[in-house]
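Student: Please find one structure pasted underneath; my questions will follow.
Derivation of every value follows stated rules applied to the coordinates shown; laboratory data play no part. If you're wondering where the values come from, they're calculated on a predicted model, not measured in any experiment. Cβ coordinates were reconstructed from backbone atoms using ideal geometry, including for glycine residues, and neighbour counts include every protein chain displayed.
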Amino acid sequence: MKNRKIVLFAIPFCWIFIFLLCWKSGTVIITWEQLKNTLFGAAASDQTNIILLQVRLPRLLLAALTGATLSLTGAVFQALLRNPLADPYILGISGGSALGAVVAMGFSLHLMIIGFQIVPIFAVCGAFFTILFVYNFSRIGNYLPTHTMLLAGISLQAMLSALILFLQTLLDPLQLMQVFTWLMGSIPTPEYGNLLWISLYVLLAIGVILPQARHLNALTLGERDAQIVGIDVERLKKILFFSCSLLTGSIVALTGLIGFVGIIIPHLLRLLIGPDHRRLLPACVIAGSIFMVVADTLARVLLAPTEIPVGVITALIGGPFFLFLLWRNKRKGMR
Amino acid sequence: MSNQYQDITVNQLSYSYTENPLIHDLSFDFKAGELFNVVGPNGAGKTTLLYLLGGILKPQSGEILLDGIPLSSFKRPALARIMTIIPAESNIAFDFTVFDIVSMGRYPYHSPLASLTNNDREIIREAIEQTGLTKYKNNIFNQLSSGERQRVLIARALAQKTSILLMDEPTVHLDIHYQLDIYRLAQSLAHDKNLSIFMISHNLNYASMYSDRIMLMNEGRIVKIGIPDAIFQPELLSDVYGTALSVYPHPKTGKPTIWPD
C-alpha cells in the first residue's frame, strides 16, 4: 500500500522529466540551461526560443495527445469487443478514418467550418462507420466471435487501403506526396490554433470515456452480464463508439496511420496493474502519451537529420509484441 | 429485503426468433417467499422465458408485471436492484479476480465514480462465504473450474441483494455437495428471507425435494403448474420427456422421486 503511494507520487515527476528530456533532444543541441531560460522567460536567444516553442513543443504536445488517444481507444475497444487483440488499427477503424481524410484531402476540402476542419470531420465519420460495420457484422446475438471480428477488421482494412491507393492514382503529384507522407504515420508540427482544437476534441472525448470505466469492467463479461448488473448497454455502446470515433478520427486526420500503440500500452499496463478499467484507463492516458513522446523523439534523433516515420517505430515494436500475444493465446488454447 | 417489488405476473406472453414461436401464450405468476421451479425437456423455451422475465429479451406480445407494473417501464439500473439473473455460464476476456466479479453485484447501487463502502464489502464477503468461495477470493475467475465459476455468478447475484432471483440451471456444473447447498440456499432465501425465486432445473428429484411449485413446460407451452406431487405423475412425465419414467415416494420425506423405468 505504501509502495503504491510512492509510485503514484513518482509518476508525474517521471512524466515531466521524460518530457523535458525529449524536448531538449534533437538535431540542434540544447542545454538544460537554455531550456530553463526559455521556460522561465529569461534571456534566451531567439533561435533557441523558436526551436523549443515553435518547432518542438507543439509537436511533442501532439505526440502526447496521439499516444494518449491511441492507447485509451485501444483499451476501450478491447473491453467493448471483449477481445485483447482489438485495436483501432487492426479493426480497420484507423483505415476508415484514413479513407475519410484522404477523400477530404484529395478533393482539396481544406475548409474550416466554425473551427471544425473538414478533414477531421471526414476522418471521424470514416472511423464511426467502420466500427459500426465491424461490430454489427461480427455479432451473433449476445456473442462476438473473436475470429470473425478480427478477420472482418483485417479484410476491411485491406479494402480500405485498396480504396486509398485507388484514390491516390487520381491525385496530382504534389497532393500524392502529401497523402503518402501522411499515410506512413508521423507526427507533424501543428499550428497552435489547430493543436487547441484537437486538444479540445481529445479532452472532451477523454472526459466522456473515463467515467465509463466501471461499466467497461462489467462489459468484459458480455453484454448480457452487464445488463444483469444494471448497465444500459445500448446507451453505453453508443457513447463509446461515438467518443472513440471522435478521438481516433481527429488524431488520424493529423498524424496518419500509427499502428500498434493501442495494443502495446494497454497490454503492458494490464500486466502491471491488472484489468480494472478504473485504473487502466487513466494509466493508458499517462503511459500512452509519454510512450508516443519518446517514440517520436526517437524518430527525430535516431538518423538525424533524416526523420524516420514514427509509424515505422511503433510498428517495429508493436508487430513482434502482437505476435507474442498471439503465441501466448495459442499456448493458452492448447492447455 | 427493502425492495417492495416481489410478485411477477405473466399474461399471454409470446416470443419468437423466427416464425416458430419459442414461447407461446404463457400465463402464470410466482410470488414472494416461493421457490418456483421450471422443468421440461431441452428446447422447451425455459431459458428464453427466463431472459424475458429478466428484461434482457423483449416479448413480441403479452405482458410481464412486477407487482402490477409493466416490466418495460423500469430503467435498467432500477431493475438490477429488484431482480437479477444467474446465468448458466459466463466467460471473461481479462484476468478479473473472484472478488472483482462479485463486487460487480454492487454496481446498481452506486454512481459510476463511487468506490465500495464498508457495507458493500460486508455484503460481498457474505455472498462469497455463502457460496463457499472464501479461499478463492483473490483467484483469477478464468482459472477456476466451471463449478467454481458458477458459484461466483451465484455470489454476484447474492451481492446484488435483489428481491427476485432468476436462476438458469444454477447447479449444472456443481458436484452433489454444492448442488444441495445451492438448492438449500435457494429454499432458505425464499422461505426465511421472503425472496421470489424462479429456477430452471434439470434435476427433477431436487426440484421435487425443494421447490414449492413446479411448472412443467414443453415446446414453448405450459403443460401443468402445481405442487411437486401434482406434476410428477409417471404418465405425464413419460409423455413430455418421451421416455418411460417411474415415480416412487422418497423413503424419508415422502416427496415424489423420479426413476428410469
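Student: Helix A:146-169 versus the longest principal axis of chain A: what is the Cα-based angle in degrees, 0 to 90, to the nearest 10?
Tutor: For helix A:146-169, the angle is close to 40 degrees.
Student: Please list the non-local residues whose amide H lies under 5 Å from the amide H of B:T97, H modeled 1.01 Å from N, same-chain partners needing a gap of 5 or more.
Tutor: Under 5 Å from the amide H of B:T97: B:F141.
Student: Please work out the FRET efficiency for the pair A:F40 and A:F17, using the Cβ-Cβ distance as r and a Förster radius of 22 Å; give the result to the nearest 0.05.
Tutor: Details: r = 17 Å, r/R0 = 0.78.
Taking R0 as 22 Å, the efficiency between A:F40 and A:F17 is 0.80.
Student: Moving on. Suppose R0 equals 35 Å; then what is the FRET efficiency for B:N205 and B:D7 from their Cβ-Cβ distance, rounded to the nearest 0.05?
Tutor: Working: r = 28 Å, r/R0 = 0.80.
The formula returns an efficiency of 0.80 here.
Student: Quick one: Cα centre-to-centre distance for region A:255-288 and region B:186-261, in angstrom?
Tutor: 51
Student: Which FRET efficiency value, to the nearest 0.05, is calculated for B:T134 and B:H191 with the Förster distance at 22 angstrom and r the Cβ-Cβ distance?
Tutor: Values: r = 25 Å, r/R0 = 1.13.
E(calc), rounded to 0.05, equals 0.30.
Student: Exposed loop sites here are chymotrypsin sites (Phe, Trp or Tyr not before Pro) in DSSP loop states with at most 15 other C-beta atoms within 10 Å. What is the longest stretch of chain A lacking them? Don't skip to the answer; put the middle values down first.
Tutor: Numbers: sites that count: A:F40, A:F107.
Answer from the scan: A:108-335.
Student: Counting Lys and Arg as +1 and Asp and Glu as -1, each charge on the Cβ, what is the dipole of the protein assembly as shown about the Cα centre in debye, to the nearest 20?
Tutor: Working: 45 positive and 38 negative charges, 315 e Å.
The dipole of the protein assembly as shown has a size of about 1520 debye.
Student: A further question follows. So what's the Cα pair-distance distribution over region A:117-228, bin width 10 Å, in %?
Tutor: All Cα pairs considered, the percentages come to 10, 27, 34, 21, 7, 0.
Student: Where is the GNM fluctuation largest for chain A (alpha-carbon springs, 10 angstrom cutoff): A:A304, A:A295, A:A213?
Tutor: Most flexible of the set in this elastic network: A:A304.
Student: Under Stokes-Einstein, with the Kirkwood radius over Cα pairs standing in for Rh, what whole-number D in µm²/s applies to region A:239-325 at 20 °C and 1.002 mPa s? Don't skip to the end; give the middle numbers.
Tutor: On the way: Rh = 14.1 Å.
It diffuses with D of about 152 µm²/s by this estimate.
Student: Any idea which of B:T97, B:Q233, B:G147 is furthest toward the positive side of the dipole for region B:8-260, if Lys and Arg beta-carbons carry +1 and Asp and Glu beta-carbons -1?
Tutor: About the Cα centre, the residue reaching furthest to the positive side is B:T97.
Student: Follow-up. Give, to the nearest whole percent, the P(r) tail of region B:8-260 beyond 27 angstrom, counting all Cα pairs.
Tutor: Numbers: 12220 of 31878 pairs.
More than 27 Å apart: 38 percent of the Cα pairs in region B:8-260.
Student: Turning to a different aspect of this structure: Considering every residue in A:273-286, what mean count of other chain Cβ atoms within 10 Å of its Cβ is obtained? Intermediate results must be reported in sequence, preceding the final value.
Tutor: Numbers: counts 0, 6, 8, 4, 1, 3, 0, 1, 0, 0, 0, 0, 0, 0.
For this peptide, the per-residue mean of nearby foreign Cβ atoms is 2.
Student: Name the residue farthest towards the positive end of the dipole of the protein assembly as shown from the options A:G259, A:L171, A:S161, assuming +1 on Cβ of Lys and Arg, -1 on Cβ of Asp and Glu, about the Cα centre.
Tutor: A:G259
Student: Residue by residue, what Karplus-based ³J(HN,Hα) values in Hz, rounded to whole numbers, does region A:249-266 have, using 6.51, -1.76 and 1.60 with θ = phi - 60° and x for Gly and Pro?
Tutor: For region A:249-266, the Karplus-derived couplings read x, 5, 6, 4, 4, 8, 9, x, 8, 10, x, 6, 4, x, 9, 4, 5, x Hz, x marking Gly and Pro.
Student: Let me ask something additional. Which residues' amide hydrogens lie under 5 Å from the amide hydrogen of B:N218, considering only partners 5 or more residues apart or on another chain, with H built in the peptide plane?
Tutor: Under 5 Å from the amide H of B:N218: B:V223.
Student: What number does region B:8-115 give for Rg over Rh if you use C-alpha atoms and the Kirkwood radius?
Tutor: Working: Rg = 16.1 Å, Rh = 16.0 Å.
Here Rg/Rh amounts to 1.01.
Student: At what distance in angstrom do the alpha carbon centres of region B:34-64 and region A:195-223 lie from each other?
Tutor: Computed from Cα coordinates, the inter-centre distance equals 35 Å.
Student: Compute the distance in nm between two label points, each set 7 Å from the Cα along the Cα-to-Cβ direction, one at A:T27 and one at A:K237.
Tutor: Result for the modelled spin labels: 4.9 nm.
Student: Which ³J(HN,Hα) values, rounded to whole Hz and listed in residue order, are derived for region A:8-18 from phi using the Karplus coefficients 6.51, -1.76 and 1.60 in 6.51 cos²θ - 1.76 cosθ + 1.60 with θ = phi - 60°, glycine and proline given as x?
Tutor: Once rounded to whole Hz, the list reads 4, 6, 6, 4, x, 5, 4, 4, 5, 4, 4.
Student: Please compute, for peptide A:214-224, the average count of beta-carbon atoms on other protein chains lying within 10 Å of each residue's beta-carbon. Each step should come with its number before you reach the end.
Tutor: Values: counts 9, 2, 0, 8, 3, 1, 9, 12, 5, 1, 7.
Neighbouring Cβ atoms belonging to other protein chains average 5 per residue here.
Student: Could you derive backbone 3J(HN,Hα) for region A:50-56 from the dihedral phi with the Karplus parameters 6.51, -1.76 and 1.60 (θ = phi - 60°), listing whole Hz in sequence and x where the residue is Gly or Pro?
Tutor: 5, 4, 6, 8, 9, 9, 7
Student: By how many degrees, 0 to 90 and rounded to 10, does the Cα axis of helix B:146-159 deviate from the longest principal axis of chain B?
Tutor: Once rounded, the angle reads 70 degrees.
Student: Charges at C-beta only: +1 for Lys and Arg, -1 for Asp and Glu. How large is the resulting dipole of chain A about its Cα centre, in Debye rounded to 20?
Tutor: Details: 23 positive and 12 negative charges, 285 e Å.
Around 1380 debye, computed over chain A.
Student: Find the Rg to Rh ratio for the protein assembly as shown, where Rh is the Kirkwood radius over alpha-carbon pairs and Rg uses the same atoms.
Tutor: Over the Cα atoms of the protein assembly as shown, Rg/Rh equals 1.08.
Student: Going by the alpha-carbon gyration tensor, a ≥ b ≥ c the square roots of its eigenvalues, is region B:41-97 rounded (a/c under 1.5) or, if a/c is not under 1.5, prolate (a/b greater than b/c) versus oblate? Write out the running numbers ahead of the final one.
Tutor: Details: a/c = 2.66, a/b = 1.31, b/c = 2.03.
Because a/c hits 1.5 or more and a/b fails to exceed b/c, region B:41-97 counts as oblate.
Student: While we're on this one: Counting only DSSP beta bridges with both residues in the protein assembly as shown, what percent are antiparallel, rounded to the nearest 5? Walk me through the intermediate numbers first.
Tutor: Details: 26 of 43 bridges.
About 60 percent, rounded to the nearest 5.
Student: Show that you can apply the helix-only estimate: for chain A, add -39,500 (n - 2.57) for every DSSP H stretch of four or more residues, divide by all residues, and state [θ] at 222 nm to the nearest 500. Spell out each step's value before the answer.
Tutor: Values: 15 runs with 246 residues, N = 335.
Value at 222 nm, helices only: -24500 deg cm²/dmol.
Student: Quick check on the exposure proxy: order B:K161, B:K193, B:K252 from fewest to most C-beta atoms within 10 angstrom. Working shown, then result.
Tutor: On the way: B:K161 20, B:K193 12, B:K252 6.
Ascending number of Cβ neighbours within 10 Å: B:K252, B:K193, B:K161.
Student: Also, I was wondering about something else. Measure nothing fancy, just the Cα-based angle from helix A:93-106's long axis to the longest principal axis of chain A, in degrees from 0 to 90, nearest 10.
Tutor: The helix A:93-106 is inclined about 50 degrees to chain A.
Student: When the Kirkwood hydrodynamic radius is evaluated over all pairs of different C-alpha atoms of region B:204-261, what value in angstrom, to one decimal, is obtained?
Tutor: Numbers: mean 1/r = 0.0868 Å⁻¹.
Averaging 1/r across every pair of different Cα atoms and inverting gives 11.5 Å.
Student: Report the far tail of the P(r) of chain A, meaning the percent of Cα-Cα pairs longer than 24 Å. It would help to have the intermediate numbers written out before the result.
Tutor: Working: 31341 of 55945 pairs.
Roughly 56 percent, rounded to a whole number.
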